[in-house]
Every structure is written in structure tokens, then in C-alpha cells.
1. All but one of (1) in contact with a Phe, Trp or Tyr (Cβ under 9 Å, 6 or more places away or on another chain); (2) over 18 Å from Gly107 (Cα atoms); (3) surrounded by fewer than 24 Cβ atoms within 10 Å (Cβ to Cβ) hold for Cys147, so report the exception by its number.
2. Specify the residue that is nearest to the ligand (Cβ to nearest atom); the eligible residues are those in the range 244-265 that are touching a helix residue (DSSP H, G or I) at 6+ places or on another chain (Cβ under 9 Å) and basic (Lys, Arg).
3. Can you list residue pairs whose Cβ atoms sit under 7 Å apart, with the first residue in the range 280-297 being basic (Lys, Arg) and the second being surrounded by fewer than 12 Cβ atoms within 10 Å (Cβ to Cβ) and not in a helix (DSSP H, G or I)? Count only pairs 6 or more apart in sequence or on different chains.
4. So Glu192 ticks every box in (1) of a type in the set (Asp, Glu); (2) within 16 Å of the ligand (Cβ to nearest atom); (3) modelled with pLDDT of 95 or more but one. Which box is left unticked?
5. Somewhere in the range 325-342, is a residue away from the ligand (no atom under 16 Å from the Cβ) and in the same structural domain as Glu92 (by TED's automatic domain parsing)?
6. When Thr145 is evaluated against the numbered criteria (1) under 22 Å from Lys99 (Cβ atoms); (2) in contact with a Leu (Cβ under 9 Å, 6 or more places away or on another chain); (3) of a type outside the set (Gly, Ala, Ser); (4) outside any strand (DSSP E or B), which criterion, by number, is the only one it fails?
7. Would you check which residues across the range 187-237 are assigned to a loop (DSSP other than H, G, I, E, B) and touching a strand residue (DSSP E or B) at 6+ places or on another chain (Cβ under 8 Å) and list them?
8. Just a yes or no: is a residue in the range 65-75 within 21 Å of Gln180 (Cβ to Cβ) and at pLDDT 95 or above?
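The values are calculated or read from the model by the stated rules, or taken from the named source; none is laboratory data. Note that the coordinates shown come from a computational prediction; the quantities given were computed from them, not determined experimentally. Quick reminder, even Gly has a Cβ in these numbers, built from the backbone with ideal geometry, and neighbours come from all protein chains shown.
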Amino acid sequence: MSHSANPNAGSHPDPSPEPLNIEDPVGRLPEEWQSALTALGERPFRAKQLFRWLHQRAEFDPEKMSDLSVPFRARLREAGVGEPFSVDTVHESKDGTRKLVLLAKDGARVESVIIPMTDLSDADASAAPSDEDEDEPLATKSRVTLCISTQYGCAMGCVFCASGQAGLVRGLRASEIVSQVYLAKRYLRPDEQLSNLVYMGMGEPLHHYEQTARSVRLLTHPDGLGMSPRRITISTVGLIPGIERLGRDFAGKIGLAVSVHAPNDETRDKIIPMNRRYPVAELMRALRAYPLPKRRRITIEYTLIDGVNDSPSHARELAAILRGIPSKINLIPMNPITASELQAPKSEAVRQFQDILANGGYSCFVRTRRGDEVAAACGQLAMADDLVRKKREREELRALAKKS
Ligand code: SAH
């Protein structure tokens with residue numbers, strides 16, 4: 001091996017003129033770089049170095065990757081390695097919640113939310129305190145949960161949720177999913193530490209399984225951030241094949257949250273169109289079959305909507321269908337969205353609903369509303385208003401055309 005006086009000068013003898021033709025290079029695992037590296041005349045161990053730059057140091061500029069050869073860095077730039085997003089705006093709410101609006105090159109606006117964990121929200125965070133006992137303590141720093149998006153728009157069309165109002169525009173690449181984490185870390189205060197990651201932003205993660213699963217592999221890779229899978233929770237509207245696959249692919253180690261929102265098909269059909277494909281009884285069967293490790297629980301999300309799913313009989317029915325599933329229930333009084341008249345029940349109804357479940361032996365928390373003055377609360381992540389407006393205009397035009 002030849003030694004160069006200048007470590008930046010590049011050490012390999014014969015850089016291949018081949019362009020590095022790789023889709024989503026930032027979304028590659030080190031193992032997947034090997035063959036491309038060989039083709040470029042680079043040594044296999046470069047894969048680890050490159051991966052560390054991207055996923056441990058969050059450095060996307062090939063120029064700064066000082067231990068890689070100059071020709072290799074040039075190939076990386078040609079292949080599109082670079083910041084996937086520019087930060088459009090950061091909205092901060094009085095409760096410390098920060099919403100990051102990120103802009104992709106094609107104009108997709110991706111939203112992530114940093115949520116400081118208070119003592120109160122700790123209790124109802126996705127990872128229950130008992131789940132974390134065995135983890136390394138995150139001692140002195142205050143803990144934050146990060147909520148990330150997997151799609152721009154959403155195809156699920158739940159009636160109470162702003163994210164799906166204009167349909168699905170596109171899924172995010174794995175690189176775009178993980179860089180929300182790396183970018184958000186830049187916006188943490190010095191005394192804050194990222195503790196939990198929840199896939200609860202815009203989109204349906206299991207409707208975009210490949211890139212979602214890949215993002216988990218990237219985030220948990222020991223040469224990257226090395227996040228513990230226990231600290232990651234994926235939330236789904238209840239796509240059964242995706243739940244089965246997630247359980248198999250990660251041996252049940254990834255936290256699972258399910259948007260149940262109604263205990264029977266009659267009610268659930270009305271608010272979640274996907275229920276017609278994957279009805280309640282089958283969903284419960286899939287949850288029972290999820291290979292949960294000992295002491296872990298499935299998070300059951302239940303958005304309470306006034307007069308729709310909030311009666312005491314709904315609560316009793318929910319208690320009955322969840323019997324035998326290790327679960328913790330998060331009640332979320334519905335956050336208002338512009339596209340719908342639906343609203344949260346009175347607080348008395350929320351308390352009664354909670355009491356019935358608690359008396360039934362469930363741990364059941366009411367999620368305090370976080371960040372709603374910056375439209376960062378559950379279900380409020382929406383595409384740019386103009387997109388929604390454009391869709392409405394298109395529909396109006398179509399309706400007019402039909403009439404005439
Ligand atoms: N598609 C996934 C991920 C979204 S998570 C899923 O359905 O789980 C966002 C959570 O907020 C879901 O439980 C969703 O049902 C809930 N939600 C959506 N709109 C809401 C609203 N307006 N008020 C309260 N919760 C809402």
C-alpha cells in the first residue's frame with residue numbers, strides 16, 4: 001500500500017471512471033456498500049467510514065469526509081450524497097414543543113416534532129417507565145421524544161386527521177426518514193437528549209414498509225446512531241400484513257402502537273376507511289400474534305371524538321376486545337382540524353372513559369395536548385395549505401364540469 005504525505009490526497013491507485021449509480025445513497029447500509037466500493041476500487045472498510053460520517057456524525061457533505069479519497073468523495077457528490085432537506089421553518093410552542101418544517105428538493109414539506117417529556121407525559125409516552133428500567137439511564141439530561149413522518153401526505157383518509165386530507169403525494173426515502181432525526185438533534189437544547197423516537201408524524205409507516213424498515217435498520221445500526229429498538233415505536237392504522245412483517249423482521253423488538261379508535265366495525269368503518277379491509281376482530285388477532293418480548297406492551301391509541309366513539313359502552317367494549325393483549329392505552333381527545341367539524345368530547349366524558357378502562361385493569365392515560373398552537377399536535381400535520389386548497393379547487397371544478 002502506498003502512503004501519501006497528504007491524507008486527503010486519496011490513497012487508491014486507480015480510481016474507476018464509473019459513476020456511482022446508486023439510488024438513495026444515504027439510505028444504504030454499510031453491508032450494501034461493499035460491491036459498489038469494489039467496483040470503484042475502494043477498500044471494503046471504507047463502507048464503515050462513510051456510514052459513520054453520514055449516520056453517526058450527520059455529515060452529509062462529501063467534501064468534509066476527510067478520511068475518504070478525493071475521487072471517492074467526488075463520486076459520492078455525483079451520486080447525490082448531500083443534505084436531503086433544507087430547514088424551512090421551526091415553530092416553537094409555549095410548552096417547548098418544536099415543529100420542524102423540512103423542505104425536500106422536489107418541494108415536499110416534511111414535518112417532525114420535538115416533544116419534551118414532562119413527568120406527566122413520561123407516564124404516557126410510548127415507552128412505559130417499566131420498559132426502560134433495564135436501559136442505560138439517561139441521567140441528568142431532560143428527555144425528548146421525536147415524532148417523525150414517513151410519507152408526504154397519506155393515503156389512509158381517516159376522517160379526523162389532517163394528514164390525509166389531500167391524499168398521498170409520495171413516500172419518503174429511508175434517507176429522508178432518518179435525516180429528520182439527525183436534523184432534529186441539531187435543534188435540541190444542550191441539556192436535552194433524544195430518548196424516544198415515534199413514527200407518528202405524517203403518513204402510514206406500514207403502507208410504506210420497505211423504506212420504513214430500512215430507516216429502522218439505519219438508526220439502530222451500531223456504526224450509526226445505534227439507537228436501541230426499544231426506544232423506537234411505529235404507529236399504524238392497523239395494516240395487518242405490515243404488523244406481521246414488522247414482528248417477523250425485528251423479532252417484536254420495535255415498539256408497536258395501533259390506532260384503534262373504535263371497538264367495533266360499525267363505528268370504526270365510519271372513521272377509518274381501512275377498517276373495511278382489516279376489521280377489528282382480525283386486527284386484534286394480529287396484535288395477539290405480535291411477538292412481544294416479555295414486559296413489553298402494545299400502545300393502543302384511541303382518539304376520542306365527541307358523540308362518535310366516546311360513550312361508556314364504547315369504553316366497555318374496548319376493555320373487552322383488548323383482554324389478554326399486553327397493552328397500555330393512550331386516550332387522545334381529538335385535536336381540531338380545519339377539514340372537519342368533529343371535535344373532542346367534554347372533559348367529563350373523557351374522564352369517564354378513562355375510569356372504565358382503569359377499573360377494567362388497564363393502564364390508561366389521557367395524552368395532554370402538546371404543541372397545538374403551532375399545529376404540531378396529533379393529526380394536525382398537514383401538507384402546505386395551498387396543496388389542500390388546490391385539491392379542493394380541482395374537485396370543485398370537476399363537480400362543476402359534471403353538472404354542466
Ligand atoms: N398512520 C399512523 C401514524 C400516524 S400517528 C397511524 O394511524 O397510527 C398519529 C396518531 O394521531 C394516530 O393515532 C392518529 O389516529 C391520531 N390522530 C390523527 N388525527 C388526530 C386528531 N385530529 N386528533 C387526535 N389524534 C389524531
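1. Condition (3) is where Cys147 drops out.
2. Only one residue tops the list, namely Arg245.
3. The qualifying pairs are Arg288/Gly324.
4. Just one mismatch for Glu192, condition (2).
5. Yes, the conditions are met somewhere in the range 325-342.
6. Answer for Thr145: the failing condition is (4).
7. Residues satisfying the conditions are Tyr187, Leu188, Asp191, Met200, Gly201, Met202, Gly203, Glu204, Met227, Val237.
8. No.
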